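The values are calculated or read from the model by the stated rules, or taken from the named source; none is laboratory data. In this text, all values refer to a predicted model and were calculated from it rather than measured experimentally. No Cβ is skipped: glycine too gets one built from the backbone with ideal geometry, and neighbour counts run over all protein chains shown. The protein model used for the area step is the full one, side chains on, heavy atoms only, and it has no ligands, DNA or RNA in it. Shrake-Rupley method; radii C 1.70, N 1.55, O 1.52, S 1.80 Å.
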Amino acid sequence: MNTQELLNVIKTNEDELPINVAIKVIEDKAPTLEYLQAWVGGLIEVVELPSGEQVIVNEEGLLLSLAPNFLLSMLTGKNVVGKGLVLVGDAKLK
């Protein structure tokens, strides 16, 4: 499954994901640092995808023993835990 197909799956099902591994795709404008930190529950880490999207996760998620997030792990190719945001287009951080 390529990045765009996986993003479509996430967008279609984001309201049905368990809250501890929730994923939200933002496309319209860049969120504030406070919003990003509130969503992931702490300090943020930005993971850049080769296709240009940015994935925002909790920088200390592994230390905090957050639940595995298999969709974001597939998207990033890394071990991702907890909630995350995917920033696309105008929503990407500069």
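Okay, residues lined up against (1) more than 20 Å from residue 93 (Cβ to Cβ); (2) more than 13 Å from the chain's Cα centre (by Cα):
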residue	(1), (2)
4	yes, yes
11	no, no
17	yes, no
23	no, no
41	no, no
47	no, no
63	yes, yes
67	yes, yes
70	yes, no
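Find the residue count for the stretch 61-80, including only residues that are open to solvent by 70 Å² or more (accessible area, probe 1.4 Å) and in contact (Cβ under 8 Å) with a residue 60 or more places away in the chain.
Number satisfying all stated conditions: 1.
Considering only residues that are of a type outside the set (Lys, Arg) and farther than 12 Å from residue 45 by Cα, which ones fall in the stretch 70-80?
Across the stretch 70-80, the qualifying residues are 70, 71, 72, 73, 74, 75, 76, 77, 79.
Counting only residues that are hydrophobic (A, V, I, L, M, F, W, C) and over 9 Å from the mean Cα position of the chain (by Cα), which one in the stretch 81-94 is surrounded by the most Cβ atoms within 10 Å (Cβ to Cβ)?
Restricting to residues being hydrophobic (A, V, I, L, M, F, W, C) and over 9 Å from the mean Cα position of the chain (by Cα), the top hit is 81.
Mind checking which residues of the stretch 7-24 are of a type outside the set (A, V, I, L, M) and surrounded by fewer than 16 Cβ atoms within 10 Å (Cβ to Cβ)? Give the steps one after another, and end with the answer.
Start the filter on the stretch 7-24 by keeping residues that are of a type outside the set (A, V, I, L, M), which leaves 8, 11-16, 18, 20, 24.
Matches in the stretch 7-24: 8, 11, 12, 13, 14, 15, 16, 18, 20.
Does residue 27 fit the bill of being open to solvent by 70 Å² or more (accessible area, probe 1.4 Å), in contact with a helix residue (DSSP H, G or I) (Cβ under 8 Å, 6 or more places away or on another chain) and more than 19 Å from residue 60 (Cα to Cα)?
Considered against the rule, which asks whether it is open to solvent by 70 Å² or more (accessible area, probe 1.4 Å), in contact with a helix residue (DSSP H, G or I) (Cβ under 8 Å, 6 or more places away or on another chain) and more than 19 Å from residue 60 (Cα to Cα), residue 27 comes out as yes.
Anything in the stretch 28-39 that is touching a strand residue (DSSP E or B) at 6+ places or on another chain (Cβ under 8 Å) and under 13 Å from residue 88 (Cα atoms)? List them, or say none.
Once the filter is applied, which keeps residues that are touching a strand residue (DSSP E or B) at 6+ places or on another chain (Cβ under 8 Å) and under 13 Å from residue 88 (Cα atoms), the stretch 28-39 yields 30, 31.
Filter the stretch 37-48 down to the residues that are under 13 Å from residue 82 (Cβ atoms), of a type in the set (A, V, I, L, M, F, W, C) and touching a Leu at 6+ places or on another chain (Cβ under 8 Å), then identify the one that is least open to solvent (accessible area, probe 1.4 Å).
Filtering first and then ranking leaves 40.
Taking only the stretch 49-59 into account, find how many residues are on the phi < 0 side of the Ramachandran plot, of a type outside the set (Ser, Thr, Tyr) and either open to solvent by 30 Å² or more (accessible area, probe 1.4 Å) or over 12 Å from the mean Cα position of the chain (by Cα) (or both).
2
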